[in-house]
Amino acid sequence: MALDQSNQQLPRILCLHGGGTSALIFKIQTRRLQWALRTHFRFVFVDAPFESGAGPGVLPVFADCGPYYRWMIKDSPTMERDQQRVRAVLRKAIAEDAGTGEWVGVLGFSQGGMMTAGLLADQEEGEETGLPEWQFGVLLCASYPPLSLSRARGYTAPKEMVDEHGEVREPEEKEIIRIPSVHVRGKLDPHFEKGRRLAKFFDQDTSFHLEFVMGHNLPGAAGDTTSSKGDTDRIRDAVLSVYEGDMKRTVSKYGSVYGNGVGLAMTT
């Protein structure tokens, strides 16, 4: 599968890898999705600023692909400075990319998906980050909470966002993210419920929620024996739907159950 990203005029998507991986690994992990969208977008991958150990599922497949990186450091005493470093890394990658197409989307996996949610939340709230204005986001196996680059938000939900049972409460109207988005979750992912909590903060009229029989990975990843052959195509169609503003077309194509036999949730 030879990918050709030489068309520099294609609209661009910024791609954020998971914690304990790298831009190189994420580029390999998303080859199927890149191929499916190769004539529509240019994919730009960037390494996070903080070195770390290998993340879950990285070894032994990517044992020779270090160093590994993460976007945020849990319970960091220098959160604001860390956020500044992340902003600088993203701005540099955006400024140095050879493409000329418009920046249209941000796509992230796992911790990169939390970063994606944070970037969309910052934009929704009018925060100034010096980054493009995203038209849509794609969150792959992401979980709550979003990782903001403007506020000192850590890895746990703020107290005012947790109910008496320790669960994330229903968001208020002002907290809803209305930027179009695609959410992909694995039914076998140990972070599955946290992914559903995150989805509460996205407008259900402008988001697709795809649940596949898989773990904390993308369809067709190394070792994946549960996802279905057409799952990547379904993600492709959902991404194109939010980008082109024609979500009803994809609903019409797949019907109300959108996935591989798990009663996949889908909003229109």
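Any read-out appearing in this document is the output of simple, stated calculations on the displayed coordinates, not a laboratory observation. Not measured: the values here are computed from a predicted model. Glycine gets a Cβ as well: all are built from the backbone with ideal geometry, and neighbour counts include every protein chain shown.
The protection proxy used here, the mean number of other Cβ atoms lying within 10 Å of each residue, ranks peptides 231-238, 50-57 as follows, highest first: 231-238, 50-57.
Relative contact order for region 12-254: 18 percent, from Cα pairs under 8 Å spaced at least 6 residues apart, divided by residue count.
Once you have a ≥ b ≥ c as the square roots of the Cα gyration tensor eigenvalues for region 12-254, tell me rounded if a/c is under 1.5, and otherwise prolate or oblate according to whether a/b is larger than b/c. Rounded, because the longest to shortest axis ratio a/c is under 1.5. Take each peptide in 24-36, 176-188, count the other Cβ atoms within 10 Å of every residue, and average; sorted highest first, the result is 176-188, 24-36. Each part reduced to its alpha carbon centroid, region 195-209 and region 1-69 end up 24 Å apart.
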